[in-house]
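Below is one structure, written out as structure tokens; comments come after it.
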Number of protein chains: 2
Amino acid sequence: MTPTRPGDLDPIDEAILRELAADARASYADIGAVVALSAPAVKRRVDRLRERGVVRGFTVLLDPAALGWETEAFIELFCHGSTSPATMRAAVDRYPEVVAASTVTGDVDVVVQVRARDMRHLEQVVERLAAEPFVARTRSTIVLSALVRRPDVPPPAP
Amino acid sequence: MTPTRPGDLDPIDEAILRELAADARASYADIGAVVALSAPAVKRRVDRLRERGVVRGFTVLLDPAALGWETEAFIELFCHGSTSPATMRAAVDRYPEVVAASTVTGDVDVVVQVRARDMRHLEQVVERLAAEPFVARTRSTIVLSALVRRPDVPPPAP
DNA sequence: GTTGAAAAGTAGCCTGA
DNA sequence: TCAGGCTACTTTTCAAC
């Protein structure tokens, strides 16, 4: 049983989000054709989903290699004492190479996902991260190949 | 020195991609105002970037929690012998909970990033992955908090 | 880059559950 | 009352030049 919170998405909202996930530039009329709603009705729902914060924005999906990002890695950070997440966030946010960063359970404190032009560039990023005052040591794992990469999507109907 | 391959992005393409990354539903006229190009000129460049495969598509950025994805984890897979990436990809692709998966260097073979409704759901996903014929064992790391999450963007000018 | 026709976005108004 | 359809007006797209 899913705890139906107030503000939960109805099935039509979910369908709209799936369409937008597949093509964020689809017209409201085209989306409406799929979900059986008029274009203005779709627009009103999308506007409301933006207001509610469910929709955070729209982006383009790019080929990282074409942008010059040839190398990808997970850099795990072991941090000193009790470094606050705010401190970690502020530090990691300054790196344009960082794609994602998360605090995690286990012996590692932070997992940082990084894209670099090449191994030399990656090495520099690792060294800079390792030199951050709150970082005790790092452990890096190079990505060999991306098997799957998907946007977040509403869960399939249960 | 960057090896200027034929087909490399020029600075205007990069600026256009940065605009689209920030708002994929921006009008060509608005993008043109930023990059000092007419709307049709921007459209032609975007069309060409799609043809070249630099632009793979457009998506919506959603709040995972609002979709019912409350739990996130890295599940590391240790695989038997020489399992082909194709096999791994096919297996992992069947899980709607999988957001990303990569083969990696080191003792682990695959890192799978997963979103689940809750811990119980996550546990089920781990068990199903562990039961895949090519998986010897798994190791899971729960995400406590997302510090940074960014779309791929052209590198800043060097 | 400019032009103009066709398509899409958008606000207001009306209707029915 | 609230969400959706309809209509009319504006903005954007997009192909030809």
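Read-outs: derived from the displayed coordinates by stated rules, not from any lab. Source: prediction; values computed, not measured. Please note: Cβ atoms are built from the backbone with ideal geometry, for glycine as well, and neighbour counts cover all protein chains shown.
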Per-residue mean of other chain beta-carbon atoms within 10 angstrom of the beta-carbon, peptide A:19-32?
3
Would you mind listing how long segment B:27-100 runs along its three principal axes, going by Cα atoms, in whole Å with the largest first?
55, 34, 17
Kindly express, to the nearest 10 degrees and within the range 0 to 90, the angle between helix B:119-130's C-alpha long axis and the longest C-alpha principal axis of chain B.
80
Fraction of alpha-carbon pairs over 16 Å apart in segment A:65-142 - percent
44
D_trans [Stokes-Einstein, Kirkwood Rh over alpha-carbon pairs] for the protein assembly as shown, 37 °C, 0.692 mPa s, µm² s⁻¹
155
Once the label point is set 7 Å along the Cα-to-beta-carbon vector, what list of distances in nm do you get between A:MET119 and its counterparts in the other copies?
4.2
Once you compute Rg and the Kirkwood Rh from C-alpha atoms, what is the Rg to Rh ratio for chain B?
1.08
Find every distance from the label point of B:ASP47 to the corresponding label point in the other copies (7 Å from Cα along Cα→Cβ) and write them in nm, one decimal, shortest first.
3.1
At the level of C-alpha centres, the distance separating segment B:70-107 and segment A:97-158, in angstrom, is 16
DSSP-loop GluC sites (Glu not before Pro) across segment A:67-158, with at most 16 other Cβ within 10 angstrom
A:GLU70
Within 10 Å of each Cβ in B:51-58, the average number of Cβ atoms from other chains
6
Using Cβ contacts closer than 10 Å as the measure, can you line up A:ILE12, B:ILE16 from fewest to most?
A:ILE12, B:ILE16
What is the sum of charges, Lys and Arg at +1 and Asp and Glu at -1, for the other residues whose Cβ falls under 13 Å from the Cβ of B:GLU14?
-3
Nm distances between copies for B:PRO96, ranked from closest, using label points 7 Å along Cα→Cβ
3.9
